[in-house]
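The values are calculated or read from the model by the stated rules, or taken from the named source; none is laboratory data. All of these numbers come straight from a predicted model, not from anything done at the bench. Cβ sites come from the backbone with ideal geometry, for glycine too, and all protein chains shown count toward neighbours. Accessible surface is based on the protein model in full, side chains and every heavy atom, while ligands, DNA and RNA are left aside. Shrake-Rupley method; radii C 1.70, N 1.55, O 1.52, S 1.80 Å.
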Amino acid sequence: MFSPAIRKSSHFTSSSSSQKDHRNLGRDSPTTPVTAENPTRLLPPSSSSSAIPNRPSTGTPAPWIPRLSVLARLPSGNKTDNERDADPVHVGEFPEELRNAQASFLQMQKNVPSDKRISGGIDRGTSLSWIVYENQLFIWSYLSPAASKHCIVVEIPSSVSEKRDNSTYFNDGNSWMVCIIDWNSTSKKKYRQQSNSMGIIMCNKKSQAIIYWPDIYSESGNSPVDNLASYDGSEGAFSPADKKTTPNSQRQRSRLGSSYLVEKGCFNSFIASAIPGIQHNCVALAAGSDGELWRFKCSPSGIGREKVSIDFNILSMETSDGGRDLIGKGYPRSLIWGYFDKSNRQFLLLTGHEIQCFNICLDSNQDISKIWSHEIIGTDNDLGIKKDLAGQKRIWPLDMQIDDSGKELTVLVATICKDRVSSSSYTQYSLLSMQYKPGVSISFANIELIRERVLEKKAPVQVIIPKARVEDENFLFSMKLRVGGKPSGSVIILSGDGTATVSNYWRNSVRLYTFDLPWDAGKVLDASVFPSIEDGEEGAWVVVTEKAGVWVIPEKAILRGGVEPPERSLSRKGSSNEGAAEQEKRSLTVGGDIAPRRASSEAWDAGERQKAVFTGTTRRTAQDEESEALLGRLFHDFLSSGQVDDSLGKLKLSGAFMKDDETNVFTRLSKSIVDTLAKHWTTTRGAEIVSMTIVSSQLLDKQQKHQKFLQFLALSKCHEELSNSQRHSLQTIMEHGEKLAGMIQLRELQSTLSQNRSNGTGNSFSNTSDEMAGALWDLIQLVGEKARRNTVLLMDRDNAEVFYSKVSDLEEVFYCLSHQLQYIIGGEQPMNAQITRVCEISNACIVIIRTAMQYRTEHDSWYPVPVGLTSWYCQPVVRNGLWSVASFMLELLKESGNWKEKINLHSHLEQMADVVLKSYSGANTAIIERGEEHKGLLDEYCGRRDELLNSLYQHVKDFVDDKYHHPTEGVEESKEDDLRKFSAPLLSIAKSHEGYETLWNLCCDLNDSALLRSLMVRNFVCSLHETFSSYLLKVSKL
């Protein structure tokens, strides 16, 4: 297997010697008990097949155990929080349909070799997982919570799956490659819902059979079409394109079995792309191990198969030792997509010595033309890897991947070498990083062959294992490379024997981390990158296993569990670097819970390896951990006895008052109180959790406990100490209370909206008349989804459950509003629906902010001196979210022609304007008190204030004019009286925020000299350093 000779890190194995003595006793694993209630449990393989050395002592929980992800998070011993944070995280069980098929298949097919059972993978673009069991394909999103996980099951046509004569090509379960086509992929929204229109293309590596489902979500599009290679019926021989091969006679057995043989006539790489403008039409490309490229034109009416006439220049290439007849075997391979525009798309492939780039026209003809090629194995070391060096016997490019930007290429290379001292052979694994040269421009308008060099080395060749045992070519070609995960610049290598190894360059050396699962988890089928919510950010590595679902490898696990590669062999007896790795691990454990990340690939630009950089997060020390534990014990004693004893003295001695930032132990305990995830909020109850009183009850319990924490601080005199020396920490603690109060009121608002819909008094413009409808529900889902993705430990929880638990992250509501408001409101919906939804969102914002302000007023004596401190609801992320909603309401107010709708919208916008301006006013006050530059923020505040107040006042005037021209019978009011009545709320807001222009216009339109005089003598608390009188003087000069 591709794995260094490493000692297992502590997050995989317990230090207990008793556990080490039971490494391979899968049935006796404490997390996989044998019970009579589990009749469908999977049987372990035979001892000969399951004896995989150095497996973890505690097995990965088996899929039949309920709440697998909960068990997976339980510590196997007395682990610290840091150690638990570095554990691999189970984020998704298999769907029920797949688990049933898995159990049934394994019971009926006990004699089928394990390497023939299953194919599986993860599509990075759609975050869909897929697994093939015999004649069924299962597709689901691993991002969905367990309760809402929806699995699509399609049947492989009998014409493809049935066994023909002596051939096993058609029913080899692990011979399938799958491409997923998202017909709605033009959407660039990070938060967009799962597409409801997907096409599926399957390709069998050995039989070359192609199956196409135009749309698996549509009743009319889920009928497959297929295309089979010709079959002559003798000795399992296939004749694709009239080129007969007899694999049964050619194959050679390897230690992997028949699944990874490099045979002529077999496909080794497969990609597909939609054809723009033609519904449910796509093109697929397959690279064959015999030097051929095949094109498949797929449509609902059928599949066209055609061999592309291109000379890849691979079969005649000489090896470093003079060989010529074997170098082309297994190439070309590693088809990947490159740059694209509306009607053209580039693809790259890897040969035995080159990277080649082609263009395919995405039209009816789908013509393919070569653009450029770059030799990566030759005599020039600056171009790639230099051959013909002393000791080299053979160089194998194994796989190639491209990054998300489409500018950097990474190639996995294996070099067979001969030791000149011992005359023994060994394999060296390395990574070659290439990038497009600056200034190289490839035009789609005039596609022609480029003679100049297109690529250059991004970095020196990175050796990931200097000396490993020699593998046969079948095993080498079973390796797959994946790029793009955390830590930045790391790669993951998948081997045909089912292991996954992460390679990461860190602290001036390569570190390897092996994700190795016990027998009941099966093989690792594929790996991908956990999608990040933020643009430009990398996600953690995610792997799908054969039996135990989907797992995420956190960045901390790789940084702490990685070891230096072995110097001599790949045996599992440990390496000479084990002591250094142990010392590294100890320093990390003591140093803090945020480990340094490796430098990005830009670190190579200067030609030498830079030192690893640290994240911006403050590191926590062992003293911090001890202080936090002490505070937790003291607070627990206070809850049970009501006594504080000498808590202040003890905490001072422990250093609890030394930091005034996010690592302050009082702040962390407060955060843990408000963010506690209730144990009995389980995903088995699904989204209905938000309709239960348990949500409100748990929030009230948190509020009561947080209030107890404040009492503890006061009685122990810690509050006084914090108020004097750690103002920011005390401010944060009180803000936790504000957010908790706001979350409770938000929950009450959601309940009210639900009751209104149930009573028919509300209109959610949705087919669903419960809590799972409306703009507020969509907002809760989006914020909860982001929290789930950012904290993989929560991936099996429901979005609403996570939302109501992560109280301290309430700012994320406003971040979501500033970035995804169009999605929440639904710009494509009718005007009345948009107004209803935006008013619902504005209500939520007003409730949150006003509740927080009221909490501050009621608990004013608890707060530190506010000079220079900026409240959380005055921070830029909150101000931007509030302004996004208010500006959208302004647009609707201008566009709507229905006065009834406009009056309702105007009322909500007045309240929203008050909240927005108070947020800006608080931010201005704090920045002026700190003596910082404030002109930019002040100008922004004034501009948005005037825009809101002037628009609202103009709407009041328009409404009064319309009312005057269309009087109501029996109602006699003057125009001035109506204007005075309807502008009263606006007058109050303008007074509070020095809206002098609006005040002056009101006085003029009302012809009210008394109001004008009162405003001139009014003492405005003004940050503009300008009185109303001076404003009038300035206006009079214009």
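Residues that are within 27 Å of the chain's Cα centre (by Cα) and touching a residue at least 12 places away in the same chain (Cβ under 8 Å), at least 3 per element: which strands (runs of 3 or more DSSP E) completely within region 428-512 meet that?
Working: elements: 455-457, 462-468, 480-485, 490-494, 500-506.
Ranges flagged: 480-485, 490-494, 500-506.
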| task | State the number of residues belonging to region 407-427 that are assigned to a strand (DSSP E or B) and within 27 Å of the chain's Cα centre (by Cα). | result | 5
| message | Residue under question is L987, and the condition is that it be open to solvent by less than 50 Å² (accessible area, probe 1.4 Å), over 52 Å from the mean Cα position of the chain (by Cα) and farther than 18 Å from G943 by Cβ; does it hold? | response | no
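Looking at I928, is it of a type in the set (V, I, T) and out of contact with any helix residue (DSSP H, G or I) (no Cβ under 8 Å at 6 or more places or on another chain)? Before you say what the answer is, go through the steps one by one.
On the way: of a type in the set (V, I, T): yes; out of contact with any helix residue (DSSP H, G or I) (no Cβ under 8 Å at 6 or more places or on another chain): yes.
Yes, satisfied.
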| request: Go through region 370-406 and give me each residue that's farther than 20 Å from R451 by Cβ, part of a strand (DSSP E or B) and acidic (D, E). | output: D399
| task | Would you tally the residues in region 848-887 being over 26 Å from E721 (Cα atoms), aliphatic (A, V, I, L, M) and crowded, with 19+ Cβ neighbours inside 10 Å? | result | 6
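Go through region 119-128 residue by residue and tally those that are more than 13 Å from V524 (Cα to Cα) and either assigned to a strand (DSSP E or B) or more than 13 Å from the chain's Cα centre (by Cα) (or both). Step through it out loud before you land on a result.
Going residue by residue through region 119-128, those that are more than 13 Å from V524 (Cα to Cα) are 123-128.
Now narrow it down to the ones that are either assigned to a strand (DSSP E or B) or more than 13 Å from the chain's Cα centre (by Cα) (or both): 123, 128.
The total comes to 2.
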| field | Qualifying residues in region 344-375 (those that are within 14 Å of I442 (Cβ to Cβ), open to solvent by 10 Å² or more (accessible area, probe 1.4 Å) and of a type in the set (S, T, N, Q)) - the one farthest from the chain's Cα centre (by Cα) | value | S369
| note | Taking region 843-858 and keeping residues within 28 Å of the chain's Cα centre (by Cα) and of a type in the set (G, A, S) leaves A844
| query | Which residues, taken from region 919-964, are basic (K, R) and touching a residue at least 24 places away in the same chain (Cβ under 8 Å)? | reply | R930, R944, R945, K957
| request: Kindly provide the set of residues from region 403-439 that are open to solvent by less than 30 Å² (accessible area, probe 1.4 Å) and within 20 Å of S478 (Cβ to Cβ), ordered by number. | output: T410, V411, L412, V413, A414, T415, I416, T427, Y429, S430, L431, L432
| field | L449 being within 29 Å of R482 (Cβ to Cβ) and among the aliphatic types (A, V, I, L, M) | value | no
| task | Please give the number of the condition S167 fails out of (1) open to solvent by less than 30 Å² (accessible area, probe 1.4 Å); (2) outside any loop (DSSP other than H, G, I, E, B); (3) over 20 Å from K547 (Cβ atoms); (4) modelled with pLDDT under 90. | result | (2)
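Could you list, in sequence order, the residues of region 441-465 that are touching a Phe, Trp or Tyr at 6+ places or on another chain (Cβ under 9 Å) and either of a type in the set (G, A, S) or open to solvent by 30 Å² or more (accessible area, probe 1.4 Å) (or both)?
To start, the set of residues in region 441-465 that are touching a Phe, Trp or Tyr at 6+ places or on another chain (Cβ under 9 Å) comprises 442, 444, 449-460, 462-465.
The answer is I442, F444, L449, I450, R451, E452, R453, E456, K457, A459, P460, V463.
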| query | Could you say which residue among E932, E940, E947 is open to solvent by 50 Å² or more (accessible area, probe 1.4 Å), in a helix (DSSP H, G or I) and either touching a Pro at 6+ places or on another chain (Cβ under 6 Å) or more than 15 Å from L890 (Cα to Cα) (or both)? | reply | E940
| request: Among what's in region 691-720 and is open to solvent by 10 Å² or more (accessible area, probe 1.4 Å) and among the β-branched types (V, I, T), pick the residue that is farthest from K652 (Cα to Cα). | output: T693
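Please enumerate the residues belonging to region 795-819 that are in a helix (DSSP H, G or I), open to solvent by less than 20 Å² (accessible area, probe 1.4 Å) and not β-branched (V, I, T). Give the steps one after another, and end with the answer.
To start, the set of residues in region 795-819 that are in a helix (DSSP H, G or I) comprises 799-805, 807-809, 811-819.
Add one more test, that the residue is open to solvent by less than 20 Å² (accessible area, probe 1.4 Å), and what stays is 799-805, 807-808, 813-814, 816-817.
Scanning region 795-819 gives N799, A800, E801, F803, Y804, S805, S808, F814, C816, L817.
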| said: Being within 26 Å of L449 (Cβ to Cβ), surrounded by fewer than 20 Cβ atoms within 10 Å (Cβ to Cβ) and modelled with pLDDT of 75 or more is the filter here; which residues of region 291-333 pass it? | reply: R295, K297, E306, K307, V308, S309, I310
| remark: Output for Cβ contacts, cut-off 8 Å, separation at least six or different chains, first residue open to solvent by 70 Å² or more (accessible area, probe 1.4 Å) in region 744-755, second not in a helix (DSSP H, G or I), reads none
| request: Name every residue in region 888-906 that is under 23 Å from S988 (Cβ atoms) and open to solvent by 50 Å² or more (accessible area, probe 1.4 Å), in order of residue number. | output: I903, N904
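What do you reckon, is G406 in contact (Cβ under 8 Å) with a residue 24 or more places away in the chain and touching a helix residue (DSSP H, G or I) at 6+ places or on another chain (Cβ under 8 Å)? Lay out the reasoning, then the answer.
Numbers: in contact (Cβ under 8 Å) with a residue 24 or more places away in the chain: yes; touching a helix residue (DSSP H, G or I) at 6+ places or on another chain (Cβ under 8 Å): no.
No, not satisfied.
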| said: Return the pair list, or none, for Cβ contacts closer than 6 Å from residues in region 829-841 that are farther than 11 Å from L909 by Cα to residues that are part of a loop (DSSP other than H, G, I, E, B), at least 6 apart or on different chains. | reply: M831/S896; A833/F765; T836/N763; E840/G774
| field | Test: residue in region 389-402 that is surrounded by 21 or more Cβ atoms within 10 Å (Cβ to Cβ), among the polar types (S, T, N, Q) and closer than 20 Å to E473 by Cα | value | no
